[in-house]
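Below: the structure, in structure tokens.
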């Protein structure tokens, strides 16, 4: 978000020139026992790290904004089975994963992988909704938290519609994940 906000400050027309903005970030009400979201479910690192930048980016005039939230990301997990399926591949990336890929702790979400895969194939997303999104800039305990509204309760000022991914075809996503990491590099 920081880099995008900087690009917008250099060229305010930048968002209108892009086809869309796809990002992983924001948290609404994730269904998880992950303690990271127990007391502050709307506190998500990618928006919280630089709330002012996220505010600038989310209010910019993009043609379309697509958001992979924590809420859908926690439905994914890197498992031993997935890791072994990738390790069985013969590509450089599969060998790399085979050498360095490990599971850490209980929660091994595929946050960015899901955002990337859904950009490559939007049909893996089976449910989505439109919300208006911003970031809390009040300097209190809610600083940096995700704010969202529906069409009927949105503020009257410059908030943009955001396509929020709600559910996915998990098996297709896992297959795509393995297939992409084990596929041969295309010849030019």
Per the helix-only model, the chain has a calculated mean residue ellipticity at 222 nm (DSSP H runs of ≥4, -39500 (n - 2.57) each, divided over all residues, rounded to the nearest 500) of -10000 deg cm²/dmol
Expected unfolding gain across residue 20-residue 100 under the 0.36 nm per residue rule, minus the alpha-carbon gap, is 25.5 nm
Per the 1/(1 + (r/R0)^6) rule, R0 = 22 Å and r from the Cβ atoms of residue 166 and residue 33, FRET efficiency to 0.05 is 0.65
Once residue 158 and residue 185 are pulled to full extension, the length gained, defined as 0.36 nm per residue separation minus their Cα-Cα distance, is 5.4 nm
With 0.36 nm assigned to each residue of separation and the Cα-Cα distance removed, residue 91 to residue 2 gains 28.7 nm
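Bear in mind that the values in this text are calculations on the coordinates, not laboratory data. Note that the coordinates shown come from a computational prediction; the quantities given were computed from them, not determined experimentally. Counting neighbours? That spans all protein chains shown, and the Cβs are built from the backbone with ideal geometry, glycine included.
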